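Engineer: I'd like to ask some things about the structure below.
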Amino acid sequence: MNIFTCLKEVPDRDTRYQINTEGTGIIETDLTFEISECDEYSLEESLKLREEHGGEVVILTVGRERAERSIRKGLAMGADRAILVEDAEGRVSSPQAVALVLAEVLKQQQCDLILAGTQSDDLSYAQTGVILAELLDLPHATIVMKIEADASNRKVKAMREMESGWFEWVEMPMPAVLTIQAGISQIRYASLKGIMQAKKKEIRKINVNDLNLDLESVPQLEISKLYFPESTRRAEILEGDTSTVVTELVERLKKEAKVL
C-alpha cells in the first residue's frame with residue numbers, strides 16, 4: 001500500500017505567545033515548532049498500516065523551509081520519504097489553498113490511502129482533508145478512530161467518532177482520504193537507529209510557484225485583529241447573614257446573569 005500522510009508544522013504546544021505590534025499575528029522569532037498533534041496520530045496510523053500490508057509511507061507538507069526539521073522527525077519515526085512544498089512567502093494560508101496545493105502534488109502520485117489530522121493545533125479549521133477529498137474526487141471519512149484496510153479487495157473501513165459517545169463504521173473503496181482524530185493510539189518514539197536513518201532519507205522539495213496554480217483566485221484568510229481575551233468580570237463575595245446573601249444572589253441571577 002502506498003500511503004501519503006499530510007503533516008502540518010505548528011508552534012510548540014507549550015509556547016508562550018507574543019502578539020506583534022500590528023496585532024495581526026504572533027512573533028515567530030523565538031518560537032520552536034513541531035508536528036500538529038492530530039497529524040502525529042495520522043502518521044502513526046500510516047506506519048501501522050504499512051507494517052500490516054507493506055508498501056511505503058510518504059510525508060507530504062506545505063510550509064516554509066524550517067518544516068524540514070519536523071519532517072525529519074516523521075522520517076525518524078519510520079516514514080520512508082517526504083515531499084515538502086516550499087511556501088517561503090506564506091501565500092498558502094487558507095484550508096482551500098492548502099488542499100489545492102496538496103491535490104496538485106498527489107495527482108502525480110500513486111496513492112492507496114491519504115491520511116491527515118482532523119484539525120490543526122493552531123487554527124483548528126478541520127477543513128483541509130475534506131476539501132482535499134473533494135478536489136481529488138475521492139471518498140472520505142472524518143474524525144476517524146480506527147482503520148481496517150483490505151488491500152486485496154481495495155476497500156477500507158473506518159470507525160468515526162460521533163456525538164454523545166456514539167461511533168459509526170463506514171466502508172469505502174480505495175483510494176480514499178481519512179482524517180484522523182487525536183488520541184486513537186500510542187504514538188511511537190523515534191529510536192536512535194531511526195534518527196540516524198532519517199538523515200539519509202529523501203526529502204523532495206517543490207517550490208509552490210512551480211506548480212503553476214492560480215493561488216490568487218483562491219479565497220485567502222486575512223487576520224484583521226489578534227488579541228488575548230480580556231477579563232471583564234471579577235469575583236465578588238456577598239456579605240451578610242444567610243437570608244440577605246441568598247436574596248441578593250437570587251436577584252443578581254435574575255437581573256445580571258439572567259439565568260432565572
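Okay, residues lined up against (1) over 29 Å from residue 130 (Cα atoms); (2) free of Cβ contacts under 8 Å to residues at least 60 places away in the same chain; (3) in contact with a Lys or Arg (Cβ under 8 Å, 6 or more places away or on another chain):
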{"site": "164", "(1), (2), (3)": "no, yes, no"}
{"site": "191", "(1), (2), (3)": "yes, no, no"}
{"site": "204", "(1), (2), (3)": "no, no, yes"}
{"site": "234", "(1), (2), (3)": "yes, yes, no"}
{"site": "237", "(1), (2), (3)": "yes, yes, no"}
{"site": "244", "(1), (2), (3)": "yes, yes, no"}
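Engineer: Which one of these does residue 131 not meet: (1) assigned to a helix (DSSP H, G or I); (2) out of contact with any helix residue (DSSP H, G or I) (no Cβ under 8 Å at 6 or more places or on another chain); (3) without any contact (Cβ under 8 Å) to a residue 40 or more places away in the chain?
Structural biologist: (2)
Engineer: Still on this structure, I have one more. Test residue 92 against the stated conditions and say whether it is in contact (Cβ under 8 Å) with a residue 60 or more places away in the chain, touching a helix residue (DSSP H, G or I) at 6+ places or on another chain (Cβ under 8 Å) and not in a strand (DSSP E or B).
Structural biologist: yes
Engineer: Another question, then. Looking only at the stretch 84-104, count how many residues are buried (at least 18 other Cβ atoms within 10 Å of the Cβ) and either more than 17 Å from the chain's Cα centre (by Cα) or among the acidic types (Asp, Glu) (or both).
Structural biologist: Of all residues in the stretch 84-104, those buried (at least 18 other Cβ atoms within 10 Å of the Cβ) come to 84-87, 92, 94-103.
Now drop any that are not either more than 17 Å from the chain's Cα centre (by Cα) or among the acidic types (Asp, Glu) (or both), which leaves 86-87.
The qualifying residues number 2.
Engineer: Only one of these conditions is not met by residue 63: (1) more than 19 Å from residue 181 (Cα to Cα); (2) touching a residue at least 60 places away in the same chain (Cβ under 8 Å); (3) surrounded by 22 or more Cβ atoms within 10 Å (Cβ to Cβ); (4) under 16 Å from the mean Cα position of the chain (by Cα). Which number is it?
Structural biologist: Exception for residue 63: condition (2).
Engineer: If we keep just the residues of the stretch 105-151 that are among the charged types (D, E, K, R) and closer than 19 Å to residue 215 by Cβ, which is surrounded by the most Cβ atoms within 10 Å (Cβ to Cβ)?
Structural biologist: Looking at residues that are among the charged types (D, E, K, R) and closer than 19 Å to residue 215 by Cβ, I get 134.
Engineer: Still on this structure: Can you pull out every residue in the stretch 1-56 that is out of contact with any Pro (no Cβ under 7 Å at 6 or more places or on another chain), assigned to a strand (DSSP E or B) and either within 27 Å of residue 113 (Cα to Cα) or of a type in the set (Lys, Arg) (or both)?
Structural biologist: Those that are out of contact with any Pro (no Cβ under 7 Å at 6 or more places or on another chain), assigned to a strand (DSSP E or B) and either within 27 Å of residue 113 (Cα to Cα) or of a type in the set (Lys, Arg) (or both): 2, 3, 4, 5, 6, 9, 10, 34, 35, 56.
Engineer: Next question, about the same structure. For residues that are over 25 Å from residue 101 (Cβ atoms), surrounded by 10 or more Cβ atoms within 10 Å (Cβ to Cβ) and of a type in the set (A, V, I, L, M, F, W, C), tally how many sit in the stretch 202-259. Spell out the reasoning first.
Structural biologist: The first filter runs over the stretch 202-259 and keeps only residues over 25 Å from residue 101 (Cβ atoms), leaving 225, 227-259.
Subsequent filtering for residues that are surrounded by 10 or more Cβ atoms within 10 Å (Cβ to Cβ) retains 238, 240, 244-254.
Among the residues that remain, those that are also of a type in the set (A, V, I, L, M, F, W, C) are: 238, 245-246, 249-250, 253.
Matching residues across the stretch 202-259 total 6.
Read-outs throughout are calculated quantities, based only on the coordinates presented, and are distinct from any laboratory measurement. Here the structure is a predicted model, which is why all the values come from computation and not from measurement. Because the Cβ atoms are built from the backbone with ideal geometry, glycine has one as well, and the counts that use them run over all protein chains shown.
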